[in-house]
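These notes concern the structure reproduced below.
The values are calculated or read from the model by the stated rules, or taken from the named source; none is laboratory data. Please read all numbers here as calculations on a predicted model, not as lab measurements. Cβ sites come from the backbone with ideal geometry, for glycine too, and all protein chains shown count toward neighbours.
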Amino acid sequence: MATTKNTATKKYDGFTEEERGAMKERAKELKATTRRGTKADTEGEVLAKIAEMAESDRVIAERLHAVIKANAPALTAKLWYGMPAYARNGKIVCHFQPATKFKTRYALLGFGDEANLDDGAMWPAWFALAKMTPAVEKKIAALVQQAVS
(Lines give C-alpha, C1' and ligand atoms only; values in the text may rest on other atoms or scores of the structure.)
Protein backbone atom coordinates (compact mmCIF):
# COMPACT_ATOMS: atom_id res chain seq x y z
CA MET A 1 0.00 0.00 0.00
CA ALA A 2 1.43 3.34 -1.04
CA THR A 3 1.53 6.13 1.48
CA THR A 4 0.91 9.71 0.53
CA LYS A 5 2.64 12.66 2.06
CA ASN A 6 0.61 15.60 3.18
CA THR A 7 2.74 18.48 1.92
CA ALA A 8 0.18 21.10 2.91
CA THR A 9 1.09 20.73 6.58
CA LYS A 10 4.85 20.77 6.01
CA LYS A 11 6.58 23.98 6.96
CA TYR A 12 9.45 25.15 4.76
CA ASP A 13 12.33 26.60 6.78
CA GLY A 14 14.27 27.96 3.79
CA PHE A 15 14.58 31.53 2.60
CA THR A 16 11.71 33.92 3.20
CA GLU A 17 10.03 35.76 0.34
CA GLU A 18 11.92 38.91 1.41
CA GLU A 19 15.27 37.08 1.39
CA ARG A 20 14.59 35.63 -2.06
CA GLY A 21 13.67 39.14 -3.24
CA ALA A 22 16.95 40.54 -1.90
CA MET A 23 18.91 37.82 -3.70
CA LYS A 24 17.11 38.61 -6.97
CA GLU A 25 17.92 42.31 -6.51
CA ARG A 26 21.60 41.43 -5.96
CA ALA A 27 21.66 39.37 -9.16
CA LYS A 28 20.24 42.37 -11.08
CA GLU A 29 22.86 44.65 -9.50
CA LEU A 30 25.68 42.34 -10.57
CA LYS A 31 24.34 42.14 -14.14
CA ALA A 32 24.03 45.94 -14.28
CA THR A 33 27.60 46.36 -12.99
CA THR A 34 28.85 44.01 -15.69
CA ARG A 35 27.03 45.99 -18.40
CA ARG A 36 28.05 49.48 -17.29
CA GLY A 37 31.36 48.79 -15.56
CA THR A 38 32.40 49.24 -11.95
CA LYS A 39 33.28 52.94 -12.36
CA ALA A 40 29.70 54.02 -13.13
CA ASP A 41 28.02 56.59 -10.88
CA THR A 42 25.27 54.71 -9.03
CA GLU A 43 24.27 57.37 -6.50
CA GLY A 44 21.10 58.12 -8.51
CA GLU A 45 20.03 54.49 -8.15
CA VAL A 46 20.58 54.67 -4.38
CA LEU A 47 18.57 57.89 -4.10
CA ALA A 48 15.77 56.37 -6.19
CA LYS A 49 15.69 53.29 -3.92
CA ILE A 50 15.57 55.55 -0.85
CA ALA A 51 12.67 57.50 -2.40
CA GLU A 52 10.70 54.22 -2.77
CA MET A 53 11.00 53.35 0.94
CA ALA A 54 8.21 53.59 3.47
CA GLU A 55 8.27 57.01 5.15
CA SER A 56 9.76 55.80 8.44
CA ASP A 57 12.70 54.14 6.64
CA ARG A 58 13.01 56.90 4.04
CA VAL A 59 13.49 59.64 6.66
CA ILE A 60 16.31 57.66 8.29
CA ALA A 61 17.89 56.67 4.96
CA GLU A 62 17.90 60.24 3.61
CA ARG A 63 19.65 61.60 6.71
CA LEU A 64 22.01 58.65 6.85
CA HIS A 65 22.97 59.17 3.21
CA ALA A 66 23.69 62.85 3.88
CA VAL A 67 25.77 62.08 6.98
CA ILE A 68 27.82 59.42 5.19
CA LYS A 69 28.45 61.59 2.11
CA ALA A 70 29.48 64.55 4.32
CA ASN A 71 31.82 62.50 6.51
CA ALA A 72 33.22 60.02 4.00
CA PRO A 73 33.00 61.63 0.54
CA ALA A 74 35.41 59.04 -0.88
CA LEU A 75 32.82 56.28 -0.39
CA THR A 76 30.75 55.38 -3.43
CA ALA A 77 27.00 54.98 -2.97
CA LYS A 78 25.68 51.78 -4.54
CA LEU A 79 22.90 49.25 -4.12
CA TRP A 80 23.69 46.01 -2.32
CA TYR A 81 20.93 43.40 -2.14
CA GLY A 82 18.55 46.26 -2.98
CA MET A 83 19.70 48.37 -0.03
CA PRO A 84 21.78 51.55 0.10
CA ALA A 85 25.45 50.76 0.66
CA TYR A 86 28.69 52.71 0.64
CA ALA A 87 31.86 51.21 -0.76
CA ARG A 88 35.58 51.87 -1.02
CA ASN A 89 37.37 50.28 -3.98
CA GLY A 90 34.23 48.27 -4.72
CA LYS A 91 34.06 46.73 -1.22
CA ILE A 92 31.18 47.53 1.14
CA VAL A 93 32.18 49.63 4.16
CA CYS A 94 28.65 50.21 5.49
CA HIS A 95 25.05 49.74 4.46
CA PHE A 96 21.52 50.55 5.54
CA GLN A 97 18.89 47.84 6.04
CA PRO A 98 15.38 49.33 6.18
CA ALA A 99 13.08 47.90 8.82
CA THR A 100 10.46 47.10 6.19
CA LYS A 101 12.93 45.12 4.05
CA PHE A 102 12.72 42.06 6.29
CA LYS A 103 9.77 43.19 8.46
CA THR A 104 11.90 43.94 11.50
CA ARG A 105 11.24 46.24 14.44
CA TYR A 106 13.97 48.73 13.52
CA ALA A 107 16.32 49.66 10.69
CA LEU A 108 20.00 48.70 10.84
CA LEU A 109 23.28 50.36 9.99
CA GLY A 110 25.82 47.64 9.29
CA PHE A 111 29.56 47.82 8.81
CA GLY A 112 31.53 45.29 6.77
CA ASP A 113 35.02 44.02 7.40
CA GLU A 114 36.40 46.88 5.26
CA ALA A 115 35.42 49.28 8.07
CA ASN A 116 38.20 50.19 10.49
CA LEU A 117 36.13 49.80 13.64
CA ASP A 118 38.39 47.22 15.30
CA ASP A 119 38.55 47.66 19.05
CA GLY A 120 40.36 44.80 20.75
CA ALA A 121 38.94 41.32 20.45
CA MET A 122 35.28 42.38 19.99
CA TRP A 123 33.37 45.41 18.65
CA PRO A 124 29.89 46.19 17.30
CA ALA A 125 29.33 45.92 13.57
CA TRP A 126 25.53 46.53 13.50
CA PHE A 127 23.58 49.39 15.01
CA ALA A 128 19.81 49.62 15.41
CA LEU A 129 18.30 52.87 14.10
CA ALA A 130 14.89 53.70 15.51
CA LYS A 131 15.06 57.34 14.41
CA MET A 132 17.56 59.99 13.45
CA THR A 133 18.31 62.72 15.97
CA PRO A 134 21.20 65.19 16.05
CA ALA A 135 22.91 63.01 18.68
CA VAL A 136 22.49 59.87 16.54
CA GLU A 137 23.79 61.70 13.47
CA LYS A 138 26.86 62.79 15.46
CA LYS A 139 27.55 59.18 16.52
CA ILE A 140 27.12 57.94 12.96
CA ALA A 141 29.46 60.66 11.65
CA ALA A 142 32.14 59.56 14.11
CA LEU A 143 31.67 55.87 13.24
CA VAL A 144 31.86 56.55 9.50
CA GLN A 145 34.97 58.69 9.91
CA GLN A 146 36.61 55.93 11.93
CA ALA A 147 35.45 53.29 9.44
CA VAL A 148 37.27 54.99 6.55
CA SER A 149 40.36 56.03 8.53
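Given 121, 107, which one is surrounded by 11 or more Cβ atoms within 10 Å (Cβ to Cβ) and either at pLDDT 95 or above or touching a Cys at 6+ places or on another chain (Cβ under 6 Å) (or both)? Even if it seems obvious, please write down each step before you answer.
Details: 121 fails: surrounded by 11 or more Cβ atoms within 10 Å (Cβ to Cβ).
None of the other options fit; the residue is 107.
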Quickly run through region 131-141 and pick out the residues that are of a type outside the set (Ser, Thr, Tyr), free of Cβ contacts under 8 Å to residues at least 40 places away in the same chain and surrounded by fewer than 18 Cβ atoms within 10 Å (Cβ to Cβ). 134, 135, 138, 139
Is there any pair with a first residue in region 95-122 that is within 23 Å of residue 46 (Cα to Cα) and a second that is modelled with pLDDT of 95 or more and β-branched (Val, Ile, Thr) whose Cβ atoms are under 7 Å apart and which are 6 or more apart or on different chains, and what are they? 107/60; 109/140; 111/93; 112/92; 112/93; 114/92; 114/93; 115/93
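If only one of 78, 49 is in contact with a Gly (Cβ under 8 Å, 6 or more places away or on another chain) and at pLDDT 95 or above, which one is it? Walk me through how you get there before you give the answer.
Working: 78 fails: in contact with a Gly (Cβ under 8 Å, 6 or more places away or on another chain).
Result: 49 is the single residue among 78, 49 that is in contact with a Gly (Cβ under 8 Å, 6 or more places away or on another chain) and at pLDDT 95 or above.
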